[in-house]
Amino acid sequence: MINAYDFDKTIYDGDSSIDFYLYCLKKKPSIAIFIPIQIWGMVLYSLKIRKKEYMKEKFFSILNRIGKIDEYVTDFWKINDKKIKKWYLNQKQKTDVIISASPEFLLKPLEDILEIDKVIATKVNKKTGKFESKNCHDYEKIVRYKQIYGDKKIKAFYTDSVKADRAMLEYAEEGYIVKKNNVYKWLK
């Protein structure tokens, strides 16, 4: 049986997309010119004029200014792998699956770093920031999981947010809520 995990704020202490953005900003301060576009995307999303995908595409528009994205990602994980929470490292298994709304290009290296089976995440073009799949959140996580694993059951799913991951919590045989470094069983 498979254990599946949300990533940001669940097994990673923080939001990896924001941390990666800050890392990129530090390495290449010129990407700050995208801040007005990013703020505009957030405003339109908060006013419900645009969808979350639009806002995230504006957020990741910085990618077209970063030439060696794979090098940035590799270096980012050398610095930030320490933010993987200890409780997870103590129980991880090779069959684990991370299912996240974060960009796949950013999380995919974790398959090797953590020596786990699979990362399922939002497909974002690492050169343009444009989405190449639906945002991998809510029920879309189940859709994407089934595309790879079919009807293979999830034994346990771990998340920091019932609101964001209720579908996965209900789909798995067991659910767990993570608050900082504490893990609590979720009662259906």
| request: Please list, ordered by first then second residue, the pairs with beta carbon atoms under 9 Å, 6 or more apart or interchain, first in the stretch 162-188 and surrounded by 15 or more Cβ atoms within 10 Å (Cβ to Cβ) and in a strand (DSSP E or B), second acidic (Asp, Glu) and modelled with pLDDT of 95 or more. | output: Gly175/Asp165; Ile177/Asp160; Val178/Asp6; Val178/Asp160; Trp186/Glu174
| message | Among (1) part of a loop (DSSP other than H, G, I, E, B); (2) buried (at least 20 other Cβ atoms within 10 Å of the Cβ); (3) of a type outside the set (Lys, Arg), there is one condition Ile116 misses while meeting the rest; what is its number? | response | (2)
| task | May I ask you to list pairs of residues, at least six apart or on different chains, whose Cβ atoms are under 6 Å apart, with the first in the stretch 77-88 being of a type in the set (Ser, Thr, Tyr) and the second being modelled with pLDDT of 95 or more and surrounded by 13 or more Cβ atoms within 10 Å (Cβ to Cβ)? | result | Tyr88/Ile11
| query | In the stretch 1-74, which helices (runs of 4 or more DSSP H) lie fully inside it and hold 3 or more residues that are surrounded by 17 or more Cβ atoms within 10 Å (Cβ to Cβ) and under 13 Å from the mean Cα position of the chain (by Cα)? | reply | 16-27
| task | Collect the residues in the stretch 125-151 that are within 11 Å of the chain's Cα centre (by Cα) and in a strand (DSSP E or B), keeping them in residue-number order. | result | none
| note | When the stretch 134-161 is checked residue by residue, the ones that are without any contact (Cβ under 8 Å) to a residue 24 or more places away in the chain and crowded, with 17+ Cβ neighbours inside 10 Å are Glu140
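The values are calculated or read from the model by the stated rules, or taken from the named source; none is laboratory data. Given the structure is predicted, the values throughout are model-derived calculations rather than measurements. Don't worry about glycine lacking a Cβ; one is built from the backbone with ideal geometry, like all the others, and counts go over all protein chains shown.
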